[in-house]
Amino acid sequence: MTSAPHIAVIGGGSTGTGIARDLAMRGLDVTLVEQGNLTHGTTGRMHGLLHSGGRYAVSDQASAEECIEENRVLRDIASHCVEMTGGLFVKRPEDSEEYFQKKLSGCEACGIPAEVISGEEARKMEPHLATDIDKAISVPDGAVDPFRLVVANAASAQEHGARIETHSKVTDLLVEDGEVVGVEVEHDSGTGERVHGRTGGTEEIRTDYVVNATGAWAGRIGDMAGLDIEVRPSKGVMTIMNVRQVDTVINRCKPKGDADIIVPHETTAILGTTDEEVDDPEDYPEKQWEVDMMIDTLKELVPMLDEARTIRSFWGVRPLYEPPDVGSDDPTDITRDYFLLDHEERDSLGGMVSIVGGKFTTYRMMGEEISDHVCGKFGIDADCRTADVPLPGSEDFTVLRDYMDEFGLQSPIGRRSVERLGSRAEEVLQTDGPNPVVCGCEGVTRAEIQDAIEGSGSDLNAVRLRTRASMGNCQGGFCCHRMANELHTEYDESTTRAAWDELLQERWKGQRHALWGEQLSQAMLNYALQATTQNRDNDPAEDDSIDFAAFDSGPEDVEVVSDASVAADGGYDGN
Amino acid sequence: MSRWCRTRASPPTEGTMAIESEVLVIGGGLGGLTSALAAARAGADVRLVSYKQSTLRNASGLVDILGYTPDGDGPLTDPYAAIPALPAAHPYSTVGVSTVRDAMALFDDVVPDYRGSHTDTNALVPTHGGTLKPTARYPAGASAGLASDERDVLLVGLESMVDFDADRAAEHLEAAGVPFDVRGVTTSFPGDLRADAKITRYAKLLDTDGEVSVKGRKRPVRAALAERVGRGLAGEQRVGFPAILGDDNATEIREELGDRLGADVFEVPMGPPSLPGLRLEDALFDALRRAGASIETGNPVAEFDGDDRIEQVYIEKNGAKIPNSADQYVLATGGLVGKGVESDRGGVYEPVFDCHVPHAEDRYDWFDTDVFGDHEFARFGVQTDDDLRPTQADGSAEFENLRAAGAVLGGYDFAAEKSGSGVSIATGYAAGRSAAQEAQ
Ligand SMILES: Cc1cc2nc3c(=O)[nH]c(=O)nc-3n(C[C@H](O)[C@H](O)[C@H](O)COP(=O)(O)OP(=O)(O)OC[C@H]3O[C@@H](n4cnc5c(N)ncnc54)[C@H](O)[C@@H]3O)c2cc1C
Ligand SMILES: Cc1cc2nc3c(=O)[nH]c(=O)nc-3n(C[C@H](O)[C@H](O)[C@H](O)COP(=O)(O)OP(=O)(O)OC[C@H]3O[C@@H](n4cnc5c(N)ncnc54)[C@H](O)[C@@H]3O)c2cc1C
């Protein structure tokens, strides 16, 4: 082969971007296509737990071992995406002692550092834990920001020459002589970063090999070539609280169960979750009882949750895979392990591999295995370096403090910006003009918004994911129009307006499951700010039939100051 | 005077004797203030108690009567003409169109710095998002900005003010087909205010015409600002600024800038903290004080005695409960925003007197999935009889001497209709007048 093989990776979640980075770093020519934004799928709708492996230490020790290994790697290469909160498996009086002991010995067997602490010690760490918690096992769980991690993987892939196409959907696989030779892609707005209103088009991307990393959608890609990929999507709910009631990940030490974990995340705490099989990864019911169950069950661990304010809830679908011969009835019994399906061996169709199952925490390891497999196909002997080379933003985390002083950022705004940006802080925050705060809840400044716009075009949802702007308590009530303002003048008014409306709609979507109490009051305030103050719901610019002469043009007797003599000299003592 | 410290009579901390009045108004927003004014004008001895700052802090300061019908028809040119066709449960239907006119006459009388009373026709006012919105009364400071005035406009944005992008607003107005040319320029505010300076910081500097340093020279800020803006002026006869032009001396500042620029200056209403809203609140409190009412702010009404009739209410102050008694009571505690209507996972309620608030049982029916869809929550509030007395589910009055006014009322979506201030003024007026009549 004269030039490097060209690989198409389908799917811009953690798995796809992880593979794209790995292959690009090994010198292959990579094109990644994603139908929505990066993290549009399950990766953007997960719990944000960097597993220590503790959760699998009894039921699935192979997964547990992978988790602790990758947990250590990510702390190293993705330090700006990870917060090492630590985790506790807490035992209530009614929970089984036998299981508690099994959890402890399981952790030890898998090499997960684990230590038993008393109920009192646990409450010293987390004062809001219920007073009747007996004891707990402490493990190195953490919180991880999936948006930041995926963007960093994509950026690194790009630095190594990969082409990343978002808002580009694979509509067909090109099959010739029993082999996949490429993908047909429909671009939402042309190639490159997304711009509203720019017309897209269809493109045939011819490749030497295709990697199907579409998670819960993998079966659909399979269907395009008549392959049967038995993904069993299983949904789970997560409910976001307005503050961090806990600073440590709190797991309930019980066999399996719904609503058994709280993950502190940035300024919030996220409650989860459930496990219920669904037919369609894009269309499944989202129910009130699921949200109620999160609060009503987890308040047994942290009683103050009962009265606390939730800001929104969201659902995600696990891309579980089960080899055809197993046939579990209950989705909680399906393994969390991942599977590499070589369609040549399995279905006699060359040119494509699918990767299904797995976890966010082990994305890099999955990428490594797939990349080894792809390189093997082409006889390429290149080492995997993704476990050693830090992601962009995590290269040198020790200098963060200096940046804060240098850019005159006030804490906590400065601390938050610098934490989000990691070692890119200098490059992003160095601006000539003033750098006001655009999103007050999350402390996001203009420079960060501008940097995100440079990376993702006029798509304000993508800007939101990169920066967290509009994701705090007010859910965008105070800042959606400001974010739209930041798009101008780079983008014209109608593009800006379309992006603004899309962001408003998106921000509304997830709040539906949090609409009572404070958050309902907030929703009414937001509605008034948008509809009453700005008339966003009835914008005359979208209605060309206004007869301006029929409306009040002002009182007759208004004192007009524009007399000629004043106007002649400009009226100001200018120089 | 500090804005949020208006206690007049200092009540006894040991609650022995109740503080008495003929009419007690609970809530100091537009609804409560109008109510107290109407009652005072009708000759009653009035006391107003309010907890926190009202919704006017968040509101644009525009006074809408009705911009769109509940079906979304509009913008309406004549709000009064559309009122008779409103649904029976709408607060305007309860009070009737002639009461709305009387209430607006009271408003026009007590708030001198507003315009729009010369006509029944709505005005279209540019907003900071660049849209236009129909309204019935506008601050004098917004008067030169109307979209039906055909003179050309220059909009001025400030570099570090993220809420208003003048150029985008100008393009947006052109997209709406306004009958004049409009341009936007962005400039930096003279002096070296921090990038995150509060709106009130700009206002204060302009109020005092404080000195700023421009290229090493000390200059009064108004002259320096006019100079900067004047350089960008190309014959436009109107110049619009974000609503930061002073708090106490707004008229004077606008006139000075206008003289220096040779153009009419106006303000574009903005989001919170809204100076025009706060100025309106001040004007109403001043008028109420002049009308001789007793006013106490900063503490909530927490409890009450009474069954069919309210005997007295208790204000919670530093842990003590201070009784206040009156012959007639007006509930003007606001809606979801003012916290006169609250909710939890189980339902929606009115927290002071526990008046009935109709709502769907399933909280997923409280809203529409579209961001600007038909939201039931926007219409949450108490329902009343013809005399504005909150009613129980069966239609009978909750208490014989309690009336409700303003956003605590249900049955209308002020955000979609653009009817917020109008409903508060009209129902406040009607409730206050009726309470005063009954008390005497
Ligand atoms: C409720 C829940 C909580 C979880 N919590 C955790 C946790 O705390 N920690 C953890 O480690 N793991 C967690 N997981 C698991 C983890 O989120 C997933 O395993 C992981 O994110 C899967 O990533 P992926 O890239 O394989 O799939 P996805 O993120 O779904 O990516 C697939 C992508 O393919 C795209 N795609 C699909 N079809 C097409 C097409 N035709 N053309 C182009 N693109 C296409 C999709 O838009 C999508 O973006 C959780 C999962 C769920 C459901
Ligand atoms: C963002 C926004 C923008 C708006 N823009 C416009 C506009 O452009 N045009 C327009 O016409 N209308 C607008 N409105 C609507 C209008 O401002 C409101 O409808 C109106 O101000 C409501 O007045 P109110 O007196 O009924 O209630 P509020 O202003 O909410 O006042 C209620 C008062 O009662 C007090 N209170 C509550 N509970 C107690 C208690 N237990 N004891 C004592 N006091 C208590 C509160 O602290 C508050 O001071 C807007 C509203 C919002 C939220």
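Name the aspartates and glutamates eligible as straight-distance cross-link partners of B:Lys52: C-alpha to C-alpha under 18 Å, and not fewer than 8 places from it in the same chain.
In chain and number order, the partners are A:Glu518, B:Glu281, B:Asp282, B:Asp286, B:Glu296, B:Glu303, B:Glu316, B:Glu342, B:Glu350.
For chain B, what is the convex hull volume of its Cα atoms per residue in Å³?
Expressed per residue, the convex hull around the Cα atoms of chain B is 151 Å³.
Amide H to amide H under 5 Å from A:Val9: which residues, 5+ apart in sequence or cross-chain, H placed 1.01 Å off N in plane?
A:Thr31, A:Leu32, A:Val33, A:Val211
Which whole-Hz couplings ³J(HN,Hα) result when phi for each residue of the range A:439-455 is put into the Karplus expression 6.51 cos²θ - 1.76 cosθ + 1.60, θ = phi - 60°, listed in order with x for Gly and Pro?
Here the 3J(HN,Hα) series is 10, x, 4, 9, x, 9, 8, 4, 4, 5, 4, 5, 4, 5, 5, 4, x Hz.
Mind checking which aspartates and glutamates have their Cα closer than 19 Å to the Cα of B:Lys215? Skip sequence neighbours fewer than 8 apart in that chain.
Partners found: A:Asp432, A:Asp573, B:Glu159, B:Asp192, B:Glu227.
Kirkwood hydrodynamic radius for the range A:397-540: how many Å is it when counted over pairs of different Cα atoms?
Radius from the Kirkwood sum: 15.9 Å.
Amide H neighbours of A:Gly200 under 5 Å, at least 5 residues apart or on other chains, H built in the peptide plane: list them.
Correct list: A:Gly190.
For the protein assembly as shown, with only Lys/Arg (+1) and Asp/Glu (-1) charged at the beta-carbon, what is the dipole magnitude about the Cα centre, in debye rounded to 20?
3260
To the nearest 500 deg cm²/dmol, what mean residue ellipticity at 222 nm is calculated for chain B from DSSP H runs of n ≥ 4 alone, each contributing -39,500 (n - 2.57), summed and divided by the residues?
-8000 deg cm²/dmol
Report the relative contact order of chain B, percent, no decimals, based on alpha-carbon pairs under 8 angstrom and at least 6 residues apart.
With pairs under 8 Å counted, the relative contact order is 26 percent.
Which of A:Ile295, B:Ser21, A:Gly142 sits closest to the plus end of the dipole of the protein assembly as shown, meaning its Cα is farthest towards the positive end, when Lys and Arg get +1 and Asp and Glu get -1 on the C-beta?
Value: B:Ser21.
Under 1.5 on a/c is rounded, so check that first for the range B:115-190, then, if it is not, pick prolate when a/b is larger than b/c and oblate when it is not; a ≥ b ≥ c are the square roots of the alpha carbon gyration tensor eigenvalues.
Since a/c reaches 1.5 and a/b is larger than b/c, the shape of the range B:115-190 is classed as prolate.
Computed over the Cα atoms, what is the radius of gyration of the protein assembly as shown divided by 2.2 N^0.38 Å, N being its residue count?
Normalised by 2.2 N^0.38 Å, the Cα Rg of the protein assembly as shown equals 1.03.
Could you work out the relative contact order of chain A, using alpha carbon pairs under 8 angstrom and six or more residues apart, expressed as a whole percent?
Computed value for chain A: 15 percent relative contact order.
Under 16 Å from a point 7 Å along the Cα-to-Cβ line of B:Thr200: which residues of the range B:225-251 have their amide N that close?
Correct set: B:244-249.
For the modelled label position 7 Å from the Cα of B:Asp394 along Cα-to-Cβ, which residues of the range B:348-383 have backbone nitrogen atoms closer than 16 Å?
B:356
Hey, which of these cross-link pairs are over 20 Å Cα-Cα: A:Lys235/A:Lys256; A:Lys124/A:Lys256; A:Lys91/A:Lys299?
A:Lys124/A:Lys256
Only Cα pairs under 8 Å and at least 6 apart count here; give the relative contact order of the range B:128-268 as a rounded whole percent.
Normalised by residue count, the contact order of the range B:128-268 is 29 percent.
Counting DSSP beta bridges with both partners in the range B:210-341, what percentage is antiparallel, nearest 5?
Here the antiparallel bridges make up roughly 75 percent for the range B:210-341.
B:Glu311's amide H: which non-local residues (gap 5+, or another chain) put their own amide H closer than 5 Å, with H modeled 1.01 Å from N in plane and none for Pro or chain starts?
So B:Glu311 has HN proximity to B:Asp305, B:Gly306.
Once you treat every alpha carbon in the range B:128-268 as an equal point and sum by Debye, what is log10 I(q)/I(0) at q = 0.11, 0.20, 0.22 Å⁻¹?
So the normalised log intensities are -0.37, -1.27, -1.53.
Just for the Cα atoms in chain A, what are the lengths along the principal axes, largest first, rounded to whole Å?
Taking the Cα atoms of chain A, the three principal extents are 90, 67, 47 Å.
Listing B:Lys218, B:Lys317 from the residue with the fewest other Cβ atoms within 10 Å to the one with the most, what is the order?
Ordered from fewest to most neighbouring Cβ atoms within 10 Å, B:Lys218, B:Lys317 come out as B:Lys218, B:Lys317.
Mind putting a number on the dipole of the range B:68-208 about its Cα centre? Charges go on the C-beta only, +1 for Lys and Arg and -1 for Asp and Glu, and I need it in Debye to the nearest 20.
Result for the range B:68-208 is approximately 360 debye, rounded to the nearest 20.
Taking a 32 Å limit on the Cα-Cα distance, which of the listed pairs A:Lys103/A:Lys359; A:Lys135/A:Lys359; A:Lys135/A:Lys509 fall beyond it?
Checking Cα-Cα distances, A:Lys135/A:Lys509 exceed 32 Å.
Whole angstrom only: what separates the Cα centroid of the range A:443-497 from the Cα centroid of the range A:36-110?
33
For the range B:233-238, take each phi angle, set θ = phi - 60°, evaluate the Karplus expression 6.51 cos²θ - 1.76 cosθ + 1.60, and give the result in whole Hz per residue in order, putting x for glycine and proline.
Once rounded to whole Hz, the list reads 7, 10, x, 5, 9, 10.
How large is ³J(HN,Hα), in whole Hz, for each residue of the range A:76-85 in order, when computed from phi with the Karplus curve 6.51 cos²θ - 1.76 cosθ + 1.60 and θ = phi - 60°, using x for Gly and Pro?
Residue by residue, the range A:76-85 yields 8, 8, 10, 4, 7, 9, 10, 10, 7, 7 Hz.
Any chance you could check the Cα centroid distance between the range B:245-294 and the range B:317-359 for me, in angstrom?
31
Per 0.36 nm of contour for each residue apart, how much would the distance between A:Glu506 and A:His128 grow if the chain were fully extended, relative to their Cα-Cα spacing?
Extra length available between A:Glu506 and A:His128 comes to 132.8 nm.
Residue farthest toward the positive end of the dipole of chain A, with Cβ of Lys/Arg at +1 and Asp/Glu at -1: which of A:Ala218, A:Tyr56, A:Tyr321?
My answer, from the dipole projection, is A:Tyr56.
Quick note: the coordinates plus some simple rules give every number you see, no bench work behind them. What you see is a predicted model, and the numbers here were worked out from it, not measured in a lab. Every residue, glycine among them, receives a Cβ derived from its backbone with ideal geometry; neighbour counts consider all protein chains shown.
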